[in-house]
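Please read the structure below before turning to the comments.
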Amino acid sequence: MKRKRGGRLCLVLSLLFITGCWDSSEVNELAIELAWGVDKAPNKKVMISAQAIIPSKIKGGQYDGTGGASKGKPFFVVTSDGMNTLDAVQRMQTKLSRQVFRGHRRVIVIGESMARQGIKEVLDTYTRDPNLKLRTDIFVVKGGTAKDFLKISYPLETIPGLAVLGEINQLGTFREMGILTFLLSANSEGACPSVPSVAVGMNPASQDGDNQKDQSDEDGFRIVGPGIFNKDLKLVGFLNVEEGQAMRWVSGNLKKLTVSAAIPQEDGNVSMDIYKLGNKIQSVIQGGKIKIHVTLTGQGAIRENNTSLDLTQTKYITLLQNALDKQVEENVLRTITKVQKNYGTDVFGFSDNIRRKNLPLWKSVRNDWEAAFREAEISVNTKLTVRRIGITGPSLQLNVNEIKK
């Protein structure tokens with residue numbers, strides 16, 4: 001009995017020393033930020049923009065469409081500048097009635113001018129704050145500022161800053177494009193980072209001189225291909241979407257792709273969905289010159305056949321595979337050559353591959369890898385395999401006498 005009383009007394013006394021979360025913030029005291037922007041500001045300052053939700057306009061995860069502040073939008077954008085990121089954040093806080101909470105941040109966008117100036121000085125805070133996730137995705141705004149990008153509405157999503165995550169996913173990339181991946185590339189001895197880029201407006205500028213602009217083009221944005229950074233973490237240029245997919249296939253960061261190719265012998269074309277992509281990189285040095293051979297593999301299904309070929313015939317499947325192989329090889333090699341000549345930045349990860357598999361070769365070129373990469377002789381070989389042809393062999397719209405058996 002005495003032991004029970006002693007145990008109860010200790011339990012009661014221990015309650016006196018238990019403290020509650022007296023210094024925590026309630027949800028209704030926070031400004032929840034989901035997207036973040038960084039721009040260059042005058043006098044060598046940095047401008048910070050935050051896209052935060054307006055809780056009263058989001059009910060059950062849906063935008064209720066009511067009016068009010070920010071012209072009915074379920075979000076608002078607040079900006080401020082400072083000598084560094086944290087200084088700008090403190091100045092931003094004076095404009096808000098609630099404390100900015102960055103734990104739910106999903107996206108960081110960087111204006112092109114800021115990216116070309118270099119972003120070494122603005123990355124430190126993202127690695128020190130435990131509330132910030134290193135897997136947060138990062139994008140460059142091509143031809144614009146992060147501030148303007150965050151103010152754009154997007155027709156399919158309540159919070160427009162998050163729509164860019166869905167767009168990049170549609171391109172078949174793995175969701176490994178965050179700050180962590182960027183920093184790993186930046187700290188590699190030879191490899192250089194690349195970052196997906198976006199541009200304001202659903203449609204690109206007209207190429208035929210038509211100056212008329214559809215009002216619907218004012219809203220939304222589009223993925224326009226990756227931005228290429230050098231070892232000083234300065235943006236040096238861009239690739240287009242097709243080139244970006246080729247780059248990610250070579251580096252092993254692509255999970256799906258649609259390839260289209262013309263079939264000259266048949267005056268037609270085909271398209272193939274590739275869902276199993278592989279890559280292999282082999283490197284040697286011959287005659288004092290680095291030679292790199294890239295082998296790309298993939299399996300998939302024919303999704304469109306605008307030829308008269310009966311795809312139940314093995315010989316025609318081989319014909320299509322050869323045409324698709326050639327198309328991929330030309331695209332990939334053209335992309336690699338462009339990066340070699342124009343930028344000299346190894347965004348393909350060749351240096352990492354050489355270091356892992358051919359250490360003696362790497363030691364011989366590590367001190368001047370950029371020059372070695374520019375001069376490397378690179379070849380590409382593709383091996384695609386058609387696993388499915390759809391639910392029909394020849395196209396159903398063709399007459400029997402038009403089909404090649």
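Every read-out reported here was derived from the displayed coordinates using simple, explicitly stated rules and does not represent laboratory data. What you see is a predicted model; the values in this text were computed from it and never measured. Positions of Cβ are backbone-derived with ideal geometry, glycine not excepted, and every protein chain shown enters the neighbour counts.
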Chain lengthening between Asp219 and Arg135 when straightened (0.36 nm per residue, less Cα-Cα): 27.5 nm
By count of other Cβ within 10 Å, fewest leading, how are Thr345, Thr385 ordered? Thr385, Thr345
Would you mind checking Lys133/Lys357; Lys40/Lys147; Lys291/Lys363; Lys276/Lys383 for any pair whose Cα atoms are more than 20 angstrom apart? Lys133/Lys357
Ordered by fewest other Cβ atoms within 10 Å, a rough proxy for footprinting exposure, Trp369, Trp362 read Trp362, Trp369
Subtract the Cα-Cα distance of Gln117 and Thr337 from 0.36 nm times their separation in residues, and report this length gain in nm to one decimal. 76.7 nm
Given a Förster distance of 22 angstrom, what is the FRET efficiency for Asn240 paired with Arg356, based on the Cβ-Cβ distance and rounded to 0.05? 0.15
For the stretch 105-118, in order, what is each residue's ³J(HN,Hα) by Karplus, 6.51 cos²θ - 1.76 cosθ + 1.60 with θ = phi - 60°, in whole Hz (x at glycine and Pro)? 4, 10, 9, 10, 10, 10, x, 4, 4, 5, 5, 6, 5, x
With 0.36 nm assigned to each residue of separation and the Cα-Cα distance removed, Lys95 to Asn169 gains 23.2 nm
Based on the Cβ-Cβ distance of Leu184 and Gln313, what FRET efficiency does E = 1/(1 + (r/R0)^6) give at R0 = 35 Å, to the nearest 0.05? 0.15
May I ask for the net charge around Leu132, where only other residues with Cβ less than 12 Å from the Cβ of Leu132 are counted and Lys, Arg are +1 while Asp, Glu are -1? +3
Which three extents, in whole angstrom, do the alpha-carbon atoms of the stretch 241-346 cover along their principal axes, largest first? 49, 28, 23
What are the ³J(HN,Hα) couplings of the stretch 375-387, residue after residue, when phi is run through the Karplus curve with 6.51, -1.76, 1.60 and θ = phi - 60°? Round to Hz, x for glycine and proline. 8, 5, 8, 10, 10, 10, 10, 10, 10, 9, 10, 7, 9
Under a crude label model (7 Å from the Cα following the beta-carbon direction), how far is Asp124 from Ile285 in nanometres? 3.8
Please list the non-local residues whose amide H lies under 5 Å from the amide H of Thr258, H modeled 1.01 Å from N, same-chain partners needing a gap of 5 or more. Ile274
Once Lys and Arg get +1 and Asp and Glu get -1 on their Cβ, which of Ser379, Val284, Leu257 lies farthest toward the positive end of the dipole of the stretch 241-405? Val284
